[in-house]
Amino acid sequence: MPYLSALNDAMRSFFSKETIMAIADFFRRARPRMTRGTILHGLCLAIIAVIAFVIRILPLRWGAYLSEFDPYYHYRVTNYIVAYGFQAFFTWFDKMSWYPYGRHIAPTTPPGLPFTGAIVYLILRDLGFSITVLDVCIYLPPVMGVITCMIVYYFARDIGNKEVGLFAALFLALNPAYISRTYLGFYKHETVGVFAIVLASLLFVRSIDLKRSTISSMIYFVAAGLTLGYLNVSWGAFYYAINLIALFAVVLAALRRYSVRLLLSYCAVMAISLALAASVPRPGYSILYSAGILPVYIGLVILCAFELARRVTTLKNRAILAGCVLTVAIATFVILYLYGFISPLVGKMISVLNPLARMEMPIVQSVAEHRPTTWAAFYYEFGVLVFLAPLGFLFIAQRPTNQNVYLAIFGITALYFAASMVRLTLILAPAFCILGATATAEIVKPFVDIVRGITIFPRRKVRFVSKVGPEFGAAFIIVIFLMLLPTLMRGVEGAYQPVTIASSTVPVRQYYGDWLEACAWLRSNTPPDAVVCSWWDYGYYITVLANRTSLADNATLNSTQIKNIALIYLSDEIQALPILQRYHVSYIVVFTTLVLGTYYGDEVKWPWMAKIAGLNDTQIADNELTSMFRLPISLPDRNSVITKLMLYGILTERTTMYGLPRPDHFTLVYSSSNKLIFIYNVIY
């Protein structure tokens, strides 16, 4: 057949030696030229990514669980979204939290994190992976930690070079402050928050680069706006990120680096991010008139004034323009403030700006991560970076590019807020790692040149240079890395411990399953409509793990209710019973570590209960009990509910030996295996 003959000829022609050689030559030319240095660089980056992930999953030795308290709530919300759909999130009213009032989920929960977890789960499920929502919530934080390290690499590379990028990625991969918020099971806002801050910073700085094309700039500022908007709907620290960009834009204008591209990028990024924030219940439209967004509007006014000033030629007219702009801005602010259109900042944010203000906020003070950072904490979190970062400031000051100006502002502002609240060392970590990487690269560079045999100084001026061999440079580089080693290993040490629930919130490298056992007991042995009273720290455990109704949790939405819970624990039984009855409490939980000889339970939290309840903790302390049991801490009055329930749980029938009162209206129904958690049935 003719067509078969033609097809045969065509096949022979296609598979001829000449055709195959031409195709091979095409792919050989199209293949990117991979130099030895490029391969080595990529290998180093891959190793850093592996190190970052492996370190963050070290707690697997004690089991794969969610850590801390808040992640259990975010897991519950994520699971609800997967089960009922994304739209259901906005109408969900949770009756199991903050009984009897309940909780409107959408107005009290930023949707960014649970939506991210739900989307990741649905994608993986559709791809055929056998995985649960819990698995996604447990492993997402380490993955986000690795991704953020890679973004820091690109940000640092823009600031310095590839070596600076590698050092910055390595430092962040092993930084204890960042590991503590991205390790296995830490499914909280910070998981995606720091990622969004660093990515938005990188994209915005690139968007205002005049060396890039207009199309490239547009892509970058749209991406920056979307990333910043994602941060706005994910974490309350968006106030810092959005105002950081505003401050950076104003500083650039003050340094006479204003450009139309800066104005356009700024307007686009702020408009996109605020529109996204206003489109969800939290933060919602209130963000547009919040006091925390005022710097954004001020930055816009200043940039617009610079744009107008470009069109005014005479100095007199510029002075008039500046006066008019300033007058209008002040008048607008005063009018909006007087008529209540500017909402004030919430207590936690005020305490960050002004650390002294938290003295009047016992609920804020009672949380360890809200306290000011000590020098010891700084050194533990950053080690030798505490000394390298200031050197990094000096090096970038010599090259005041846009990227370096941004990094300097990032570092200074983050340092202030990290000093104000220990939790915010997390935000400082990327800035300090990049600054430390800049300093390290600059210090190591001369010795690398010596190893390569590159002359640093002219021989006519420095005669001894010829006597310095490559071994000297190599030895000095090794010394520098040995100095960095303790700092890098501290991250490994900090990560190598069980997640909070696996050690029952006791910071030891040992498995204590008491909270898991107690919640399992509550789930299996109490009525579904039972109301459980505990200190607010453990509310999420009870709601999620035990599937029982709680009075309060870490959201601290109702300070009056938390005060009433504190009164329950610190009052005697006769005073506590009416409050318990008002809330229809069936069971009450106490957590104590007295039997371990370490003190992390309610025995050390009761002074904060006293402050929140408006009581004097020194007046209700029982010094006789302290001396009787030879404790380094004081316990509240022996007749208080919390003391009775803790000591009776530990001693049971032996309480009479010590002359201690036994509870009359509480029956011990459960004692955990290590005598850390006791559950009592309330008898009215």
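All of the numbers you see were taken from the coordinates with simple rules; none came from a lab. These figures come from a predicted structure and were not determined experimentally. No Cβ is skipped: glycine too gets one built from the backbone with ideal geometry, and neighbour counts run over all protein chains shown.
Take every DSSP beta bridge whose two residues both sit in segment 514-682, then give the antiparallel share in percent to the nearest 5.
75
With r as the distance between the Cβ atoms of Y658 and L336 and R0 = 51 Å, compute the FRET efficiency 1/(1 + (r/R0)^6) and round to 0.05.
The formula returns an efficiency of 0.20 here.
Given a cut-off of 20 Å, name the pairs among K605/K644; K563/K605; K188/K611 whose C-alpha atoms lie farther apart than that in the structure shown.
Violating the 20 Å limit, Cα to Cα: K188/K611.
Counting helices only, and only those DSSP H runs with n ≥ 4, report the 222 nm mean residue ellipticity of the chain as the sum of -39,500 (n - 2.57) divided by its residues, in deg cm²/dmol to the nearest 500. Before the final figure, lay out the partial values.
On the way: 29 runs with 412 residues, N = 684.
So the helix-based figure for the chain works out to -19500 deg cm²/dmol.
I need the phi-derived Karplus couplings for segment 294-307: 6.51 cos²θ - 1.76 cosθ + 1.60, θ = phi - 60°, integer Hz, Gly and Pro marked x.
Going residue by residue, I get 3, x, 5, 5, 4, x, 5, 4, 5, 5, 5, 5, 5, 5 Hz, with x marking Gly and Pro.
Would you mind putting 44-54, 534-544, 668-678, 266-276 in packing order, based on average other-beta-carbon counts within 10 Å, highest first?
Details: 44-54: 17.2, 534-544: 24.8, 668-678: 18.7, 266-276: 20.5.
Packing proxy ranking, top to bottom: 534-544, 266-276, 668-678, 44-54.
Rounding to the nearest 10 and keeping the result within 0 to 90°, find how far the Cα-based axis of helix 641-651 lies from the longest principal axis of the chain.
Relative to the chain, helix 641-651 is tipped by roughly 90 degrees.
Counting only other residues whose beta carbon sits under 10 Å from that of D94, what net charge do I get with K and R as +1, D and E as -1?
+3
Any idea how far the Cα center of segment 374-401 sits from the one of segment 508-528, in Å?
Here the answer is 44 Å between Cα centres.
For segment 226-312, which trypsin sites (Lys or Arg not before Pro) pass both filters: DSSP loop (anything but H, G, I, E, B) and at most 13 other C-beta atoms within 10 Å? Mind showing how you got there, number by number?
Details: sites: R256, R257, R261, R310, R311; in loops: R256, R257, R311.
The qualifying sites are R256, R311.
For the chain, with only Lys/Arg (+1) and Asp/Glu (-1) charged at the beta-carbon, what is the dipole magnitude about the Cα centre, in debye rounded to 20?
Computed about the Cα centre, the dipole is about 3020 debye.
Grab the other residues whose beta carbon is less than 13 angstrom from that of N161, score K and R as +1, D and E as -1, and report the net.
+1
Run the numbers on segment 551-603 and let me know its relative contact order in percent, using alpha-carbon pairs under 8 Å that are six or more apart.
19
Can you give the extra length, in nm with one decimal, that the chain gains between A278 and L391 once fully stretched, where that is 0.36 nm per residue apart less the Cα-Cα distance? Before the final figure, lay out the partial values.
Values: separation 113, 0.36 × 113 = 40.68 nm, distance 4.09 nm.
Here the segment from A278 to L391 would lengthen by 36.6 nm.
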